[in-house]
Amino acid sequence: MRSLILLAIAGTAYAEPPRYIAASGVFSEAFYGHVGASVEGGMRFGDSAAFAHLSIGGGTSGSGMADSGTFFLVRGGFDARSCTTQFCGFVGIDLGIEDDNLDKSSGSTSAVVIPRIGFDVGGAVRARVTIEAPYCRGEWGRGASLGMAYRF
């Protein structure tokens with residue numbers, strides 16, 4: 001893991017476009033299960049391998065439970081990326097606020113920390129996979145997303 005981070009911080013092997021937008025289907029299993037969708041936009045810092053991004057998402061909370069409700073998540077963070085012409089790998093961390101409403105009488109709003117690692121592949125339009133480990137309400141969870149990104 002340390003060598004992947006050092007590789008990403010060292011710089012990109014390919015001068016990729018400086019911005020991207022992405023749309024993804026998301027799944028996470030933490031305090032409540034989540035199934036939903038998100039949109040994300042990001043921008044590179046100068047010619048470095050560092051990107052900042054902002055994401056919003058929402059969907060069903062408490063998936064598979066009788067008291068299912070909704071969730072909404074706003075998050076932002078930083079990634080270090082290393083790319084070739086067709087493949088990019090990234091590792092990063094996000095901070096955010098999550099609002100869960102399991103039913104009309106319960107719910108919560110809390111801070112969330114989300115370490116993540118992933119890759120995307122393709123040309124200007126790319127398939128994207130991300131694996132995450134959200135930490136929320138004193139518990140570690142696991143999550144994943146699968147989506148499409150456009151670099152410009």
Has the stretch 87-95 got at least one residue that is under 19 Å from PHE152 (Cα atoms) and free of Cβ contacts under 8 Å to residues at least 60 places away in the same chain? yes
Only unsatisfied item for ALA52, checking (1) of a type in the set (Gly, Ala, Ser); (2) exposed (fewer than 15 other Cβ atoms within 10 Å of the Cβ); (3) at pLDDT below 95, is (3)
Please list, ordered by first then second residue, the pairs with beta carbon atoms under 9 Å, 6 or more apart or interchain, first in the stretch 31-42 and at pLDDT below 90, second outside any strand (DSSP E or B) and of a type in the set (D, E, K, R). PHE31/ARG137
Can you tell which of ILE131, ILE114 is within 15 Å of VAL74 (Cβ to Cβ) and either basic (Lys, Arg) or touching a residue at least 12 places away in the same chain (Cβ under 8 Å) (or both)? ILE114
Members of the stretch 132-152 that are exposed (fewer than 13 other Cβ atoms within 10 Å of the Cβ) and over 25 Å from ALA50 (Cα atoms): GLY138, GLU139, TRP140
So which residues in the stretch 79-131 are in contact with a Lys or Arg (Cβ under 8 Å, 6 or more places away or on another chain), surrounded by fewer than 17 Cβ atoms within 10 Å (Cβ to Cβ) and hydroxyl-bearing (Ser, Thr, Tyr)? SER108, SER110
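The values are calculated or read from the model by the stated rules, or taken from the named source; none is laboratory data. Not measured: the values here are computed from a predicted model. Cβ: placed from backbone, ideal geometry, glycine included. Neighbour counts: every protein chain shown.
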